[in-house]
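Colleague: So that we are looking at the same thing, I have put the structure below in structure tokens.
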Amino acid sequence: QVQLVESGGGSVQPGGSLRLSCEATEYAFSRYCMGWFRQTPGKEREEVAAISSGGRTTYADSFKGRFTISKDNAKNTLYLDMSSLKPEDSAMHYCVAKGKTGTKSACYTLHNGYWGQGTQVTVSS
């Protein structure tokens, strides 16, 4: 029922910028918490940022000031704008979506939601 399709990954030089996009089903986009995770082989998955259905955003400390999460209701699309990219930012990036199941925000358990196939970001000179 829920489909997430990421795009926008690729290779970029250190200090460069990229915009990742995630097109979601209308139902998920309008009612779910959505966000971005990244993962590098040998390391644990890491939540980058999340945005609730109401527009509240959260970021991991290491990404504050460099990455921005946003969404476009008309396009059913989630974005992650990345700037000042570093080689250590190289990772597979995943779009994730989860609906609320209790009193807590779905963003608290976003990792248990639906995952897209991912898009690779490689930062190198």
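Colleague: Given a Förster radius of 22 Å and the C-beta distance between Ser84 and Ser7 as r, what FRET efficiency does 1/(1 + (r/R0)^6) yield to the nearest 0.05?
Modeller: 0.55
Colleague: Also: Which residue fluctuates the most in the chain, going by a Gaussian network model with Cα springs under 10 Å, if the choices are Thr77, Thr25, Thr103?
Modeller: Thr103
Colleague: When the convex hull of the Cα atoms of the stretch 22-78 is projected onto a plane and the area is averaged over all directions, what value comes out in nm²?
Modeller: Value for the stretch 22-78: 4.4 nm².
Colleague: Please work out how much length the chain gains when fully extended from Thr68 to Asn112, using 0.36 nm per residue of separation minus the C-alpha to C-alpha distance, in nm with one decimal.
Modeller: My answer for the length gained is 13.6 nm.
Colleague: Further question on the same structure: Given only helices, namely DSSP H runs of n ≥ 4 each adding -39500 (n - 2.57), what is the per-residue ellipticity at 222 nm of the chain, to the nearest 500 deg cm²/dmol?
Modeller: Estimated from H runs of four or more residues: -1000 deg cm²/dmol.
Colleague: If we restrict to alpha carbons, what Rg and Dmax does the chain come to, in Å?
Modeller: Cα-based Rg and Dmax for the chain come out at 13.7, 46 Å.
Colleague: Which distance in Å, rounded to a whole number, links the C-alpha centroids of the stretch 85-100 and the stretch 1-76?
Modeller: For the stretch 85-100 versus the stretch 1-76, the Cα centre distance is 6 Å.
Colleague: How large, in percent, is the carbon and sulfur part of the accessible surface of the chain at a probe radius of 1.4 Å?
Modeller: 44 percent
Colleague: Are there trypsin sites (Lys or Arg not before Pro) in the stretch 17-114 that DSSP puts in a loop and that have at most 13 other Cβ atoms within 10 Å, and which ones?
Modeller: Listed in order of number, the matching sites are Lys43, Arg56, Lys64, Lys104.
The values are calculated or read from the model by the stated rules, or taken from the named source; none is laboratory data. Not measured: the values here are computed from a predicted model. Cβ atoms come from the backbone with ideal geometry, glycine included; neighbour counts cover every protein chain shown. We work out accessible area using only protein heavy atoms, side chains counted, and drop any ligands, DNA or RNA first. Shrake-Rupley method; radii C 1.70, N 1.55, O 1.52, S 1.80 Å.
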